[in-house]
Amino acid sequence: MFHARHLLIFAAGLVLAAPLLASPERWRGEWPKTDFSRSAVPFEEILSGGPPKDGIPALNDVEMIPVGSETRLADAEPVMALEVDGAEARAWPIRYLTWHEIVNDEVAGVPVAVTFCPLCNAGMIFDRRLEGWVLSFGVSGKLRHSDMIMYDRQTESWWQQALGEGIVGEMTGKKLTQLPGWMESWGAFRARNPDGLVMAEPGWPRRYGQNPYVGYDGLAKPFLYSGEMPPHGIEPLSRIVRVGNRGWPLERVAEAGRLEEGGVIIDWSAGQASALDSARIAEGRDVGNIRVKDAATGRDLVHDVIFAFAFHAFHPDGKWMLGD
């Protein structure tokens with residue numbers, strides 16, 4: 001098991017080596033198709049996360065099974081959920097995404113990328129269609145501000161997962177459409193969607209259900225992050241409910257149970273285990289379920305629940321919703 005303290009030791013070595021590692025000349029052998037003449041970010045901000053390109057294997061053509069056939073998942077285990085009108089609701093368990101980080105799938109005829117970056121707690125679902133392309137995504141093995149850099153297999157451009165934006169290569173400056181999916185407990189999804197579908201266990205030799213980042217969300221600082229820490233005394237690895245460029249501390253939402261501010265309704269309910277706490281994901285401490293809806297229409301809103309340091313890094317001008 002790769003405990004959180006091992007991540008920090010590994011990170012220290014990589015940070016010291018960063019000036020040498022952050023160089024297109026060193027990357028070209030692994031990335032011959034990537035256009036390094038186009039970039040939206042300084043190359044020195046991009047670091048190796050350890051694994052090489054596709055060392056964390058993204059999934060394609062996954063099997064979906066009826067909710068009633070799933071027997072492996074505990075009620076508290078988190079899943080990424082998507083409910084689209086005219087299609088069965090779908091769930092992708094975090095126990096699989098922890099080891100694969102990206103699932104290229106299709107829902108109601110829409111090609112989607114279901115993504116999870118454990119180091120930022122960022123679970124986001126994107127439409128893979130863009131300007132006539134249908135992109136397929138893999139894991140680059142690179143990080144920026146401790147967030148996964150994805151790549152598309154069509155142009156081998158690099159994409160910042162936390163923003164859904166192209167940052168290096170032909171697709172630099174392009175932006176994917178994020179869909180209104182969310183992370184919730186398997187028990188909550190199953191109770192609401194008894195006729196839904198859930199991703200079956202992949203056929204890879206992985207310790208599914210185990211957490212390779214034991215104790216990570218209890219650390220004082222994130223892995224491979226050297227940027228500014230969050231303001232207002234907020235702990236860097238505390239969770240933030242992000243809606244657009246606004247961020248609500250999860251602790252505030254949990255204390256209230258429901259918040260209605262600025263046209264947004266955020267509800268919290270108990271029952272979801274942290275995927276980044278205990279050795280077994282199902283035994284992680286309860287961080288609760290979040291639902292975010294438009295106050296006027298009642299429709300689900302695009303959002304994610306991300307660590308505070310990542311919200312600050314990728315939304316430096318974002319508004320902290322502290323209730324002052």
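The numbers here are math on the coordinates, done by the rules we state, and not lab data. From a predicted model like this one, the values you see are computed outputs, not experimental measurements. We place every Cβ from the backbone using ideal geometry, glycine too, and count neighbours over all the protein chains shown.
Taking 1.002 mPa s as the viscosity and 20 °C as the temperature, the Stokes-Einstein diffusion coefficient of the range 137-258 based on its alpha-carbon Kirkwood radius rounds to 120 µm²/s. Label reach from D61 (point 7 Å along Cα→C-beta): in the range 173-213, amide nitrogens under 16 Å belong to 200, 202-204. Judged by the gyration tensor of its Cα atoms, with axes a ≥ b ≥ c, the chain is rounded; a/c sits under the 1.5 cut.
To the nearest 0.05, how large is the calculated FRET efficiency for S269 and E25 if R₀ is 45 Å and r is the Cβ-Cβ distance? Display every interim value, and only then the final one.
Numbers: r = 51 Å, r/R0 = 1.14.
Between S269 and E25 the formula returns 0.30.
Taking Lys and Arg as +1 and Asp and Glu as -1, the other residues whose beta-carbon sits under 12 Å from that of P236 total -1.
Give the peptides 139-151, 163-175 in descending order of average Cβ contacts within 10 Å, highest first.
Numbers: 139-151: 24.6, 163-175: 19.9.
Going by the mean number of other Cβ atoms within 10 Å, highest first, we get 139-151, 163-175.
What is the calculated FRET efficiency for D35 to A295, with r their C-beta to C-beta distance and R₀ = 25 Å, to the nearest 0.05?
On the way: r = 43 Å, r/R0 = 1.73.
The computed FRET efficiency comes out at 0.05.
Can you give me the relative contact order of the range 53-196 as a percent, contacts being Cα pairs under 8 Å and 6 or more apart? The value is 27 percent. Could you tell me which chymotrypsin sites (Phe, Trp or Tyr not before Pro) in the range 25-118 are loop residues by DSSP with no more than 16 other beta carbons within 10 angstrom of their beta carbon? Qualifying residues, ordered by number: F36. Toward the positive end of the charge dipole of the chain, with +1 on the Cβ of Lys and Arg and -1 on the Cβ of Asp and Glu, the farthest Cα among T115, I149, A270 is that of I149. Computed extension gain for A74 through K319, at 0.36 nm per residue and net of the alpha carbon distance, reaches 84.6 nm. Taking all Cα pairs closer than 8 Å and separated by 6 or more residues, the relative contact order of the chain comes to 20 percent.
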